[in-house]
Amino acid sequence: MGPRTGAVGAGRPRAGRPRTDGHERDGHERAAGAEEWLVVDAADGRILARAATGSTAAGSVHVPHVDPGQMGLSIGEGQDGAPLRWGRWDGERLSVDSFAGEDLVLSAVSPGGARLLTVTHDQEALVAHRLVDGSADPEPEAELRAEEVIPRHPEADPDASEVEAFWDYEAGFLDEHTVIAGTVECDEESGAGRYWIVDLTGRGTVEPLVRPHPVMGTARGLGDGTWYTVSPTDHVVRIWGLR
């Protein structure tokens, strides 16, 4: 597969993305020693609902869903873990799924809202979960372990007995069934970063993405068949698509 590309200037991305439908806003804060997830009335600041997250966050990011009554909260605890929470607000109650306590980083929600894409905290596996009636199925739909599906880097030292492979935390959906993911971070030890197209229609097939020229930065899917990368050196956003 080969990509096409365009480029525009970019600023620094926001650390979090609270979502509002005009009446409510989500927030994650520490209260009386315990962290809580809040639904706040955007008009007057009233707290409409709250739920304990059971976390000790160094940072967190809201990941929106096409339904404004649903939202992901990806929490980072540094080396201690990455608890993931999925919330549903029905106008009266905030319900929260915790993925059976697994440490997962939420990378993206599919365009139609039926799937979640996550990466394990140790970056060893790329995992897709189904959303069923707004609830996250704790059993993975697909789980792709990097050491099993990513081939050795072609530029790796031939004398190295082991070449580590792991997924980037950033990835995304090209459409409801197709994912763009990278191994840029681990590939730095050997050479150019690599990107992969993952088909979720089966149990997850992985194909390398052939690029017309070297690209820097991790990939994020836009859900319309395209994705973008941000160069860490000149902060240029490049928009890509499959031919």
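Is it the case, given these coordinates, that Q123 is out of contact with any helix residue (DSSP H, G or I) (no Cβ under 7 Å at 6 or more places or on another chain), over 22 Å from G221 (Cα atoms), not aromatic (F, W, Y) and not in a strand (DSSP E or B)?
Details: out of contact with any helix residue (DSSP H, G or I) (no Cβ under 7 Å at 6 or more places or on another chain): yes; over 22 Å from G221 (Cα atoms): no; not aromatic (F, W, Y): yes; not in a strand (DSSP E or B): yes.
When the stated conditions are applied, Q123 does not pass them.
What residue, of D137, D234, is modelled with pLDDT under 90 and either aliphatic (A, V, I, L, M) or touching a strand residue (DSSP E or B) at 6+ places or on another chain (Cβ under 8 Å) (or both)?
D137
Taking the conditions exactly as written (in contact with a helix residue (DSSP H, G or I) (Cβ under 7 Å, 6 or more places away or on another chain), in contact (Cβ under 8 Å) with a residue 24 or more places away in the chain, open to solvent by less than 70 Å² (accessible area, probe 1.4 Å) and over 29 Å from G191 (Cα atoms)), does A136 satisfy them or not?
yes
How many of the residues in region 97-113 are over 19 Å from S55 (Cβ atoms) and either in contact with a His (Cβ under 6 Å, 6 or more places away or on another chain) or surrounded by 15 or more Cβ atoms within 10 Å (Cβ to Cβ) (or both)? It would help to see each step written out before you state the result.
The first filter runs over region 97-113 and keeps only residues over 19 Å from S55 (Cβ atoms), leaving 108-113.
Subsequent filtering for residues that are either in contact with a His (Cβ under 6 Å, 6 or more places away or on another chain) or surrounded by 15 or more Cβ atoms within 10 Å (Cβ to Cβ) (or both) retains 108-111, 113.
Counting residues in region 97-113 that are over 19 Å from S55 (Cβ atoms) and either in contact with a His (Cβ under 6 Å, 6 or more places away or on another chain) or surrounded by 15 or more Cβ atoms within 10 Å (Cβ to Cβ) (or both) gives 5.
The values are calculated or read from the model by the stated rules, or taken from the named source; none is laboratory data. Just so it is clear, the model here is predicted, and its values are computed rather than measured. As a convention, Cβ positions derive from the backbone with ideal geometry for all residues, glycine included, and neighbour counts pool all protein chains shown. Only protein heavy atoms, including side chains, enter the accessible area calculation; ligands, DNA and RNA are left aside. Shrake-Rupley method; radii C 1.70, N 1.55, O 1.52, S 1.80 Å.
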